[in-house]
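> The structure follows.
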Amino acid sequence: MALQTVILAAGMGSRLGRALPKPLTALNDGRSIMQQQHDNIRAAFGSTARITTVVGYRAETIIEAFPHAHYVHNERYDETNTSKSLLRALHTTGRGGVLWMNGDVVFDPRVLGRAIDLIERDQSFVAVNTAKVSDEEVKYTVTAEGFINELSKTVVGGIGEAVGINYVSSTHKKAFMRQLQRVGDQDYFERGLELAIAEDGVLIEPLDISDLYAVEVDFAEDLERANLFV
């Protein structure tokens, strides 16, 4: 069965100060942020991987740029956050596990290569960077057994940052979707993961990619940093 992948690209990305949706931002190698994501997915999982993109703000520009992808529309993109965009996409992905990523992540193609073993085992994971812990980023802690415990921007004593690339297994998917339905419109999808961990016993591994690059492009300085790698 082809791997189901989701790219979250509905937001306005206003902090970067560009007219186009942030995933269409050009990188120094001539590709857009989203094009390098497509390339990385195809390199790791082949041409059969199904890419579903959640669009909202200026959706037509993304669809025109990537006409062969599959699309889910979040018409309430200006009122909701990634929890609700992801939930819409998960409803279209059948029973299997799903790999998803934020549409503004520029990352080393080896990240997905490292994830293949976990995906083949159908083990839920969150890709993390333990090299830094910034106040404004999504941070995490782990249980005594090494699984993700807390996961949010407000975590105290975080041991690293989530980088915006994640996988939910077929066995955990139903519980996760139920929690995404429950959380507030302005919650990030990480809140759904936290609740699934706390209330449903979902076990999520941290996938350490600290030695590889992964940059979420929120501001101009992030784009400058990402361009150092591509």
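Only the coordinates and a few stated rules stand behind these numbers; no lab work does. These numbers come from a predicted model, not from an experiment. Here the Cβ positions follow ideal geometry from the backbone for every residue, glycine too, while neighbour counts run over all protein chains shown.
> Where the convex hull is taken over the Cα atoms of region 1-122, what is its projected area averaged over directions, in nm²? Mind dumping the intermediate values first?
Values: hull surface 30.1 nm².
Averaged projected area of region 1-122's Cα convex hull equals 7.5 nm².
> Hey, what's the per residue convex hull volume over the C-alpha atoms of the chain, in cubic angstrom? Can you show the working numbers first?
Numbers: hull volume 26.7 nm³, N = 230.
It comes to 116 Å³ per residue, whole-number rounded.
> Round to a whole angstrom and tell me the spacing of the C-alpha centers of region 35-75 and region 85-133.
Between the Cα centres of region 35-75 and region 85-133 lies a distance of 15 Å.
> Amide H of TYR213 versus every other amide H placed in the peptide plane: which residues, excluding those fewer than 5 positions away on the same chain, fall under 5 Å?
Residues meeting the criterion, in which the H sits 1.01 Å from N, are ASP108.
> How long is the gain from ARG31 to VAL142 if the chain were fully straight, where each residue apart is worth 0.36 nm and the alpha carbon distance is subtracted?
Details: separation 111, 0.36 × 111 = 39.96 nm, distance 3.60 nm.
Additional length available on full extension: 36.4 nm.
> In a GNM of the chain with a 10 Å cut-off on Cα contacts, which of THR61, THR53, THR80 has the highest mean-square fluctuation?
The residue that fluctuates most here is THR61.
> Using the Karplus curve 6.51 cos²θ - 1.76 cosθ + 1.60 with θ = phi - 60°, work out ³J(HN,Hα) for each residue of region 23-34 in order, rounded to whole Hz, and write x for Gly and Pro.
Taking θ as phi minus 60°, the curve returns x, 8, 4, 6, 9, 5, 8, x, 8, 8, 4, 5 Hz for region 23-34.
> Now a separate question. Take LYS174 and ASP135, extend 7 Å from each Cα along the Cα→Cβ direction, and tell me the distance between the two endpoints in nm.
With each label point 7 Å from Cα toward Cβ, the separation is 4.3 nm.
> Here's something else I'd like to know. Cα extents of region 98-151 along the three principal axes, largest first, in whole Å?
Computed over the Cα atoms, the extents are 30, 29, 19 Å.
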